[in-house]
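Enquirer: A single structure is presented below for examination.
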Amino acid sequence: MSGEARVDGRALVACSTLIETVRDDLRSGGVGPDSVVILTDLSVSDLLIGMVATWLLDAVPFVTPHGGKLPSTLRDKCQLRGGLEISPAGSRGVVPGLERTAVLMPTSGSTGVPKVARRGVSSVRAEANGYREYLRLTFEDRVAVPVPVTHSYGMGVTISALLAGCDVDTTPPTRLPTVAGRMDSGAVSVVALTAPIARLLVEAKRDGDKTVRAALVGAGSVPDELDRAFLERFRRPLDRGYGSTETGGTFLGARGIGRPIAGVGVRSPAPGGRGELVLKLAAPVEGALEGGVPVDVWHTGDIVERDTDGTCRFVDRIQEALRVNGRYVDQDEIVPGLRAMARVTDVHLVVLNREKTPEAQDIHAVVEAGKKIDESVLRKYISALRPGVPRPRITQCSRIPRNAVGKIDREALIGLIREEESSKTAREAPGNRNSGR
């Protein structure tokens with residue numbers, strides 16, 4: 001990044017004095033080789049400065065949107081926060097197993113408890129080469145990234161653009177009319193989006209007759225209707241990106257989830273087949289911070305159809321195996337009937353330990369519906385489930401909580417369930433007028 005890379009028009013090398021100052025402050029704060037620096041609550045430019053300063057000490061940045069609920073391994077580590085303020089490390093101990101690690105990032109937690117993933121140096125470079133080749137990035141490009149850089153997709157595109165010597169436009173998603181205007185005026189040539197952000201951009205008033213060279217959508221699927229609307233508004237079709245926090249971007253293309261980038265092979269399904277997408281990676285997946293083992297074969301957990309030309313199309317996610325009080329639960333015995341109810345748009349199952357008796361568990365079904373479903377309808381459905389199927393506790397909401405890139409926010413989901421449980425307990429308490437007597 002020390003060549004022509006720019007952030008909002010300013011050369012990264014022009015920040016060298018500030019980077020060196022932050023490096024020295026980190027060193028004074030207890031950071032050394034193989035240490036971890038927690039970067040949180042930072043602007044994009046300050047985040048990049050903090051990352052480079054951390055790398056100069058041969059340490060590893062942990063990029064996270066918030067510093068709460070850190071794993072025990074990281075609780076006493078140095079933190080760099082908004083305004084480039086430093087909280088010194090509580091100990092100078094190194095974190096083992098990070099010799100090949102470029103960056104640590106939390107997984108979204110949409111399919112389970114969030115983990116801290118290690119991204120290897122070779123993996124970051126392979127991802128950068130994939131984006132650079134597909135998007136034809138050069139030093140003349142200005143790449144807008146109005147998606148969270150604390151998410152692996154936004155981080156991957158940003159690092160790739162900087163390594164290609166591009167100018168990264170960090171206009172945030174709270175200023176999408178500005179992003180649309182720069183797309184219309186030709187001020188940016190490439191833009192990285194999520195499907196929800198692309199939909200909001202379509203609604204922006206046109207402010208010029210130019211357009212971008214490439215518009216990439218990651219972190220979720222693209223409905224055909226959105227694809228058509230974006231093409232009509234910006235005269236540019238949407239390209240697709242696919243990957244995970246653990247691997248970075250692995251597929252790019254104009255259809256489905258795209259085709260594998262260089263260094264990514266598909267072990268299954270076979271061309272023309274359907275099944276779980278299993279990858280063979282030239283750059284190994286380093287695994288989780290705690291207990292992870294590097295592997296070069298990655299089971300994505302996604303069911304895809306693979307065309308004969310190598311393009312893969314997402315079909316479904318392999319249902320996570322749920323176990324309640326030691327018994328496995330088949331989600332297909334519970335979810336389809338709830339989804340089929342009028343006005344229901346989504347259903348998500350969660351198994352939680354009870355707060356007062358944590359040795360016991362309950363299964364909860366969070367039902368997203370445009371209008372609240374009558375409780376009697378839900379009770380009738382639950383009572384009709386096959387004997388042996390655990391009866392879920394229902395939480396209704398108008399929208400299942402999701403994070404900035406559209407994935408389920410597990411912590412917020414649990415908070416929603418706990419709030420509903422507390423409300424039910426209060427309603428059913430003796431003496432409550434609404435207890436049903």
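Enquirer: Residues of region 20-71 being over 21 Å from Pro106 (Cβ atoms), touching an Asp or Glu at 6+ places or on another chain (Cβ under 9 Å) and of a type in the set (Ser, Thr, Tyr), which ones?
Expert: If the condition is that a residue be over 21 Å from Pro106 (Cβ atoms), touching an Asp or Glu at 6+ places or on another chain (Cβ under 9 Å) and of a type in the set (Ser, Thr, Tyr), then Ser45 is the only one that fits.
Enquirer: While we're looking at this one, here's another question. Which one is surrounded by the fewest Cβ atoms within 10 Å (Cβ to Cβ), of the residues in region 20-35 that are touching a Leu at 6+ places or on another chain (Cβ under 6 Å) and under 16 Å from Pro96 (Cα atoms)?
Expert: By that ranking, first place goes to Asp34.
Enquirer: Further question on the same structure: Name every residue in region 292-324 that is aliphatic (A, V, I, L, M) and either farther than 30 Å from Ile334 by Cα or surrounded by 12 or more Cβ atoms within 10 Å (Cβ to Cβ) (or both), in order of residue number.
Expert: Matches in region 292-324: Val293, Val295, Val297, Ile303, Val304, Val315, Ile318, Leu322, Val324.
Enquirer: Output the residue which, of all residues in region 369-426 that are closer than 30 Å to Leu216 by Cα and of a type in the set (Lys, Arg), is surrounded by the fewest Cβ atoms within 10 Å (Cβ to Cβ).
Expert: Arg399
Yes/no per residue for (1) in contact with a Gly (Cβ under 9 Å, 6 or more places away or on another chain); (2) farther than 26 Å from Arg118 by Cβ:
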site	(1), (2)
Met1	yes, no
Glu4	yes, yes
Val13	yes, yes
Thr17	no, yes
Asp24	no, yes
Thr40	yes, no
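Enquirer: Related question: Can you pull out the residues in region 231-278 that are of a type outside the set (Gly, Ala, Ser), free of Cβ contacts under 8 Å to residues at least 40 places away in the same chain and surrounded by fewer than 21 Cβ atoms within 10 Å (Cβ to Cβ)?
Expert: Within region 231-278, Leu231, Glu232, Arg233, Arg235, Arg236, Pro237, Arg267, Pro269, Pro271, Val278 meet the criteria.
Enquirer: Which condition number in (1) within 17 Å of the chain's Cα centre (by Cα); (2) charged (D, E, K, R); (3) modelled with pLDDT of 85 or more is the one that Lys115 fails?
Expert: Only one criterion is unmet by Lys115, namely (3).
Enquirer: Right, here's the next one. Taking region 178-230, which residues are hydroxyl-bearing (Ser, Thr, Tyr), more than 27 Å from Pro401 (Cα to Cα) and assigned to a loop (DSSP other than H, G, I, E, B)?
Expert: Passing the criteria: Ser189, Thr211.
Enquirer: For the condition among the aliphatic types (A, V, I, L, M) and either at pLDDT 90 or above or under 25 Å from Lys115 (Cβ atoms) (or both), what is the one hit in Val405, Val344?
Expert: Val405
Enquirer: I need the strands (runs of 3 or more DSSP E) fully contained in region 255-331, keeping only those with at least 2 residues that are among the charged types (D, E, K, R).
Expert: Here the list reads 274-285, 295-306, 312-317.
Enquirer: Test Asp76 against the criterion of being in a helix (DSSP H, G or I) and free of Cβ contacts under 8 Å to residues at least 24 places away in the same chain, and give yes or no.
Expert: For Asp76, the condition - in a helix (DSSP H, G or I) and free of Cβ contacts under 8 Å to residues at least 24 places away in the same chain - is not met.
Enquirer: Still on this structure: Being in a strand (DSSP E or B), touching a residue at least 60 places away in the same chain (Cβ under 8 Å) and in contact with a helix residue (DSSP H, G or I) (Cβ under 7 Å, 6 or more places away or on another chain) is the filter here, so list the residues in region 79-107 that pass it.
Expert: Of everything in region 79-107, those that are in a strand (DSSP E or B), touching a residue at least 60 places away in the same chain (Cβ under 8 Å) and in contact with a helix residue (DSSP H, G or I) (Cβ under 7 Å, 6 or more places away or on another chain) turn out to be Ile86, Met105.
Enquirer: Shifting gears a bit: From the list Ile19, Ile38, which residue is in a strand (DSSP E or B), in contact (Cβ under 8 Å) with a residue 12 or more places away in the chain and either under 19 Å from Ala128 (Cβ atoms) or in the same structural domain as Glu85 (by TED's automatic domain parsing) (or both)?
Expert: The match here is Ile38.
The values are calculated or read from the model by the stated rules, or taken from the named source; none is laboratory data. Being a predicted model, the structure only gives us computed values, none of them experimental. As a convention, Cβ positions derive from the backbone with ideal geometry for all residues, glycine included, and neighbour counts pool all protein chains shown.
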